[in-house]
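Notes follow once the structure below has been shown.
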Amino acid sequence: MVSFQRIDGYVLTPQGFIRGFIEQENGRITRIEGEPVSESQVRHDTVALPIVLPGFIDVHVHGGGGHDTMEGGEAALQMSKLHVRHGTTSLLATTMTAPLEDIRNAIAALAPVCRERAKNGARVLGVHLEGPYISPAKLGAQPDFAKPASLDEIHALHALAPIRLITLAPELPGTLELIAQLRAEGFQVQIGHTAGTYEDGVAALQQGAGGFTHLFNAMTGLHHREPGMVGAALAHARYAEIIPDLLHVHPGAIRVAMRSIPCMFCVTDSTAAAGMPDGDYKLGSHTVTKCMGGVRLPDGTLAGSTLTMDQALRNLVGMGLEIEDASRRVSTFAAEYMGLSDRGQLAVGAWADLVVMDRALQLQRVVVEGEEIDLA
């Protein structure tokens with residue numbers, strides 16, 4: 001394993017940028033020193049030092065490099081190797097709505113990948129269970145196997161591999177009560193694929209739901225007399241996912257969400273088509289087509305994305321965000337949301353998860369837990 005000892009450049013710390021260096025030992029950051037600088041200096045300094053940011057964290061990713069989480073086997077391993085080459089240092093492998101036996105098999109196959117990080121791979125922190133406990137009226141690209149949630153089923157799946165995040169539709173019978181139980185047991189819960197009302201959303205947040213799955217997509221929209229689930233998020237949420245591929249959500253709507261939701265963070269919702277040429281790919285039991293920069297079902301419905309987190313960062317900066325703000329939305333806020341105090345920031349004692357970028361925010365180096373990733 002190739003490990004870095006020291007990297008010099010403009011290092012983004014929790015207090016802002018410094019011009020200095022970062023050191024690590026045994027996968028943990030041991031030293032950060034330098035002089036504070038403004039972002040303007042970082043952007044315009046003619047020395048052209050590299051920019052060092054926290055590694056990206058993606059809590060909603062279905063696949064990549066031609067592999068889909070639901071395939072089991074080595075799919076998640078290969079997915080982690082694709083996304084790490086785009087700066088994602090840790091992720092949640094995300095399942096699809098499917099017959100319970102298919103979900104069980106997929107999660108069982110994830111267990112070894114969650115236990116041990118592969119060389120040249122991202123850290124797979126666990127599972128995001130996106131379905132089957134969602135609304136049949138708001139499937140989006142999910143197959144039609146939605147069903148009411150069951151605590152016993154969730155426990156059984158969690159025994160196979162660590163489930164860290166669960167998407168639920170709060171309007172389904174018994175779900176509100178279940179949210180409080182899940183939160184008490186340490187699961188993070190978010191609201192998504194829901195036909196619920198504004199009131200359903202508020203009630204779910206009061207029960208302990210922490211955020212919203214791919215905000216705006218597959219949920220009831222905002223109307224001034226029926227605020228819907230989007231209205232509940234904009235009015236009350238601290239955290240929410242958003243897919244900033246500029247296809248799923250208009251940049252104007254992203255700006256609205258950023259003004260309303262303090263810690264809105266980015267996910268890719270990427271599919272097997274990420275990092276691959278145009279063509280047909282699997283998304284759970286669906287066949288989807290990658291073309292014109294997107295992924296769609298035969299009827300034209302958006303079916304996940306081909307987004308990578310480095311492009312998500314560039315898209316946010318292209319919309320006018322400061323690099324520091326964009327970095328928080330692809331790293332820090334997701335770490336906070338998932339209770340990861342030692343990831344998503346460059347600080348002494350944290351894991352040495354970082355990306356090194358040039359002035360155009362193109363990746364030069366990726367480091368996961370001190371290991372230098374081969375980007376070839």
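Quick notes
- When segment 217-262 is filtered for residues that are of a type in the set (Lys, Arg) and farther than 23 Å from His128 by Cα, the ones remaining, listed by number, are Arg225, Arg255, Arg259.
- Residues of segment 225-247 satisfying the condition of being touching a His at 6+ places or on another chain (Cβ under 7 Å) and part of a loop (DSSP other than H, G, I, E, B): Ile243
- Test: residue in segment 10-25 that is under 11 Å from Ala352 (Cα atoms) and touching a Lys or Arg at 6+ places or on another chain (Cβ under 8 Å): yes
- Some residue of segment 269-280 being at pLDDT below 95 and either acidic (Asp, Glu) or in contact with a Cys (Cβ under 7 Å, 6 or more places away or on another chain) (or both): yes
- The residues of segment 201-249 that are under 15 Å from the mean Cα position of the chain (by Cα), over 14 Å from Gly304 (Cα atoms) and among the hydroxyl-bearing types (Ser, Thr, Tyr) amount to a single one, Tyr239.
- Of residues in segment 163-212 being among the β-branched types (Val, Ile, Thr) and not in a helix (DSSP H, G or I), the one farthest from Ala237 (Cα to Cα): Ile163
- In segment 1-27, the residues that are touching a residue at least 60 places away in the same chain (Cβ under 8 Å) reach residues that are of a type in the set (Lys, Arg) and loosely packed, with under 14 Cβ neighbours inside 10 Å with C-beta atoms within less than 8 angstrom, at least six apart or across chains, in these pairs: Met1/Lys119; Ile22/Arg6; Ile22/Arg31.
- Residue within segment 90-99 that is surrounded by fewer than 24 Cβ atoms within 10 Å (Cβ to Cβ) and either modelled with pLDDT under 95 or farther than 24 Å from Gly294 by Cβ (or both) present: yes
- Matching residues in segment 46-61 - criterion: being more than 17 Å from Val348 (Cβ to Cβ) and in contact (Cβ under 8 Å) with a residue 12 or more places away in the chain: Ala48, Leu49, Pro50, Ile51, Phe56, Ile57, Asp58, Val59, His60, Val61
- The strands (runs of 3 or more DSSP E) found wholly in segment 15-130 and carrying at least 3 residues that are of a type in the set (Ser, Thr, Tyr) occupy 88-94.
- Filter result for Ala232 (buried (at least 21 other Cβ atoms within 10 Å of the Cβ), on the phi < 0 side of the Ramachandran plot and of a type in the set (A, V, I, L, M, F, W, C)): yes
- Some residue of segment 166-179 being at pLDDT 95 or above, within 16 Å of Ile103 (Cα to Cα) and of a type in the set (A, V, I, L, M): yes
- Candidates Ala360, Ala347, Ala312, filtered to the one that is without any contact (Cβ under 8 Å) to a residue 60 or more places away in the chain and within 23 Å of Ser40 (Cα to Cα): Ala360
- Among residues of segment 147-159 that are surrounded by fewer than 13 Cβ atoms within 10 Å (Cβ to Cβ) and among the charged types (D, E, K, R), none has a Cβ under 7 angstrom from a residue that is at pLDDT 95 or above and part of a helix (DSSP H, G or I) at a sequence gap of 6+ or on a separate chain.
The values are calculated or read from the model by the stated rules, or taken from the named source; none is laboratory data. All of these numbers come straight from a predicted model, not from anything done at the bench. Glycine gets a Cβ as well: all are built from the backbone with ideal geometry, and neighbour counts include every protein chain shown.
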